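A quick write-up on the structure given underneath.
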Amino acid sequence: KAKMEGGKRFRFYAREMNARALERMDLEHELRQAIERGELELHYQPQVDLRGGQVIGAEALVRWPHPAHGLMMPGAFIPLAEESGLIVELGEWVLRRACLQNRAWQDAGLPPISVAVNLSARQFAACDLVSLTDGILRETGLNPNLLELELTESAAMLDTTAFIKATKRLKDLCVSLSLDDFGTGFSSLSYLRRFDIDRLKIDRSFVRDIVHDPDSAAIVTTIVALAHNLNLAALAEGVETEAQLRFLRSCDCDEIQGYYFSRPLTVADFERLLASARRLQVPSEDGTESKR
Ligand code: C2E
Ligand code: MG
Ligand code: MG
Ligand code: MG
């Protein structure tokens with residue numbers, strides 16, 4: 001009897017799994033088409049300097065306006081893109097789009113900002129990122145100083161020797177490099193000084209609790225100090241409140257990104273923001289606003 005029920009259950013799971021596999025194949029097919037047809041979109045989230053308060057950059061974040069599911073967030077399709085290998089085409093599209101966009105902003109006379117593009121570990125392994133980046137910079141004519149590539153600890157750990165070589169060659173192109181979600185990976189600190197990078201992006205999970213949790217506060221303070229001791233800049237991700245902002249200022253963090261200043265914006269909204277030259281009101285230590 002138990003065996004029979006087990007069999008039934010198995011058939012149920014098999015049916016369920018089959019339906020999921022089919023759904024996944026559909027989504028993969030649709031994603032491939034969306035990439036080919038240029039239907040993906042980039043939203044841009046401002047990055048602001050914590051001393052002067054001005055916008056110094058924007059992170060490009062991919063969105064997929066899906067006819068049936070609405071605006072899909074990266075969490076809903078990037079893993080599929082990574083598993084299927086589509087991340088290579090997707091990543092190339094994002095890089096080109098972001099460079100073209102920033103070039104257009106510069107041509108329009110907007111203040112110079114750097115645009116940051118996320119790279120997944122799979123892209124490092126699957127294509128020659130250095131010549132791809134070089135080609136796209138030439139093709140779009142974007143000043144390489146105005147492009148930043150966001151790398152992850154997992155890319156660094158996949159093949160550390162290859163990673164170090166690639167980062168050196170990317171630096172030769174004069175692009176900036178940052179380590180994203182810093183603190184969540186398992187990269188060894190001894191490698192950090194061998195990576196030719198410019199800044200650490202402190203993961204949102206630490207920033208979220210800095211005000212209430214002494215451990216998170218200690219971790220963030222330590223990452224900022226580590227960055228500065230290695231001559232790197234520190235950017236805090238996911239800043240949502242003024243209390244977090246005050247804390248980050250008090251530990252001398254260089255830059256922030258988060259809903260407190262702005263959510264990721266459509267191109268039109270981001271252009272309005274840049275043109276309005278809106279600044280972050282940076283609270284001073286004594287609690288008064290300052291625009292130093
Ligand atoms: P990420 O690179 O760490 O990007 C930051 C994420 O945090 C974004 O989510 C952003 O909307 C969100 N965020 C920013 N400020 C706040 C805040 O104050 N509070 C909260 N709760 N969230 C905030 P998003 O756009 O959903 O992207 C998620 C992840 O997907 C990214 O994390 C990145 O790993 C990946 N991703 C996005 N675009 C691309 C892409 O073009 N290529 C690749 N390979 N990955 C991408
Ligand atoms: Mg990122
Ligand atoms: Mg991040
Ligand atoms: Mg993150």
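Just for region 252-285: of the residues that are among the aliphatic types (A, V, I, L, M) and assigned to a helix (DSSP H, G or I), which one is farthest from LEU61 (Cα to Cα)?
Within region 252-285, the match that is farthest from LEU61 (Cα to Cα) is ALA275.
Note on region 219-251: among residues that are assigned to a loop (DSSP other than H, G, I, E, B) and open to solvent by less than 50 Å² (accessible area, probe 1.4 Å), the one that is farthest from ASP181 (Cα to Cα) is CYS251. Can we say ALA156 is more than 13 Å from ligand 1 (Cβ to nearest atom), more than 20 Å from SER114 (Cβ to Cβ), open to solvent by less than 10 Å² (accessible area, probe 1.4 Å) and of a type outside the set (Lys, Arg)? In short, yes. In the set (1) modelled with pLDDT under 95; (2) farther than 29 Å from ALA275 by Cβ; (3) open to solvent by less than 30 Å² (accessible area, probe 1.4 Å); (4) not aromatic (Phe, Trp, Tyr), LEU31 fails one condition alone, (1). In region 48-149, counting only helices (runs of 4 or more DSSP H) that sit wholly within it, the ones holding 2 or more residues that are among the β-branched types (Val, Ile, Thr) span 87-107, 129-140.
Among the residues making up region 124-136, a single one is surrounded by fewer than 21 Cβ atoms within 10 Å (Cβ to Cβ) and closer than 15 Å to ALA60 by Cβ: ILE136. On inspection, LEU22 does not qualify as modelled with pLDDT of 85 or more and of a type outside the set (D, E, K, R).
The values are calculated or read from the model by the stated rules, or taken from the named source; none is laboratory data. Keep in mind the model is a prediction, meaning the values are calculated, not measured. In this analysis, Cβ positions are derived from the backbone assuming ideal geometry, glycine residues included, and neighbour counts consider all displayed protein chains. These accessible areas exclude ligands, DNA and RNA; they are computed on the full protein's heavy atoms, side chains included. Shrake-Rupley method; radii C 1.70, N 1.55, O 1.52, S 1.80 Å.
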